[in-house]
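As structure tokens, the structure follows; a few thoughts come after it.
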Amino acid sequence: MNLDLHFINRIRQQAQNLKQITALRHQVNGVWKDISWQNFAEELDKTSRALLACDIGVQDKIAIFAHNMPRWTIADIAALQIRAITVPIYATNTAQQAEFILNHADVRILFVGDNEQYDSALEIAENCPQLQKIVVMKDQIPLKEQKLSCHWADFIGLDKPQYQAILEQRLSDKNLSDLFTIIYTSGTTGEPKGVMLDYANLAHQLATHDQALQVDMQDISLSFLPFSHIFERAWVAYILHRGAILCYLEDTNQVRAALAQVRPTLMCAVPRFYEKIYAAVLDKVQKAPAVRRALFHWAIAVGKKHLTLRATGKKFLIY
């Protein structure tokens, strides 16, 4: 497999081609805001250079301990651009669980989201001798110590032009055998195990999805499953690979409202989510008048027939 489907190549190609087209969409004080591909790429490079200023080397590890947000993705891909490895930590993990991962993976920089993750990071920091910096990604959270902690803006302030040449060299040296992530299991049957995934693995997944799906920049994906799980992380990679719009939903209790606001054309979710929607729809149908119930069941039957024909490559005739 060649480098055409290397994830970082795809990100930079989309940024070059799409420029002012929306890449990311997120809520700010209840209002959905867009981030263009050009702005996304600029933030990625700034963050990559800031990581280089911290002397992050090839295949060094950074960790992200936060709920879904644009800066989660920016920190992640910025690390990948300099051939570092991202180690995600569930936002709901305890301090002790996070401590194990940080030490086992030898993480050097930790990005945190809310107060809960920040407090946990401070609690375990002295037990993680290799940890050199804690970056608080939410601007409104006050720093509780100054030695290890800094806000996102202060971290980005480490960016200097002198690191551009190193960034370009890392980009030039990328390959498919590098690891892009280490994802830790839940540890319910013992200590968590780190699953190592490389770019060849990711490229294969992108190619396989391309054979089955037709996704482009007209599509909108609503993302609410945790990025710390490979299921959503791989889906996000595919959405960006195709140039579709990635919408972040940090509060999973707001999924119903977000569906109406964002109107996604596709999304990735666990079966239980669809089961709950199905049950709610059926309950509403059962309370509807007889004619409306009949129309509903007729439409479902037509849809099933259409899907069957489409799956077997046959045409669906519309009368």
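The values are calculated or read from the model by the stated rules, or taken from the named source; none is laboratory data. All values reported here derive from a predicted model rather than from experimental measurement. With ideal geometry, Cβ positions are generated from the backbone for all residues, glycine too; neighbour counts draw on all protein chains shown.
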Which one is farthest from the chain's Cα centre (by Cα) among residues in the range 70-93 that are in a strand (DSSP E or B) and of a type in the set (A, V, I, L, M)?
Ile85
Can you report the number of residues in the range 188-218 which are in a loop (DSSP other than H, G, I, E, B) and under 23 Å from Arg242 (Cβ atoms)?
6
By residue number, the members of the range 144-187 that are in a helix (DSSP H, G or I) and among the aliphatic types (A, V, I, L, M) are Ala153, Ile156, Ala165, Ile166, Leu167, Leu171
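To keep it simple, each residue is scored yes or no on (1) surrounded by fewer than 19 Cβ atoms within 10 Å (Cβ to Cβ); (2) at pLDDT 95 or above.
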position: Ile8; (1), (2): no, yes
position: Ile11; (1), (2): no, yes
position: Val28; (1), (2): yes, no
position: Asp34; (1), (2): yes, yes
position: Trp37; (1), (2): no, yes
position: Phe40; (1), (2): no, yes
Suppose we filter Ser228, Ser221 for residues that are part of a loop (DSSP other than H, G, I, E, B), out of contact with any Lys or Arg (no Cβ under 7 Å at 6 or more places or on another chain) and among the small types (Gly, Ala, Ser); which single one remains?
Ser228
Give the range 255-299 a look and list any residue that's under 19 Å from Val236 (Cβ atoms), assigned to a helix (DSSP H, G or I) and modelled with pLDDT of 80 or more, or say none.
Val255, Ala258, Leu259, Val262
Pairs, first closer than 17 Å to Tyr278 by Cα in the range 291-310, second hydrophobic (A, V, I, L, M, F, W, C) and surrounded by 12 or more Cβ atoms within 10 Å (Cβ to Cβ), C-beta under 7 Å, six or more apart
Arg293/Val285; Phe296/Val285
Output the qualifying pairs, or none if there are none: Cβ atoms under 7 angstrom, residues six or more apart or on different chains, first residue in the range 94-106 and assigned to a helix (DSSP H, G or I), second residue surrounded by fewer than 16 Cβ atoms within 10 Å (Cβ to Cβ) and at pLDDT 95 or above.
Ala95/Glu123; Glu99/Asn127
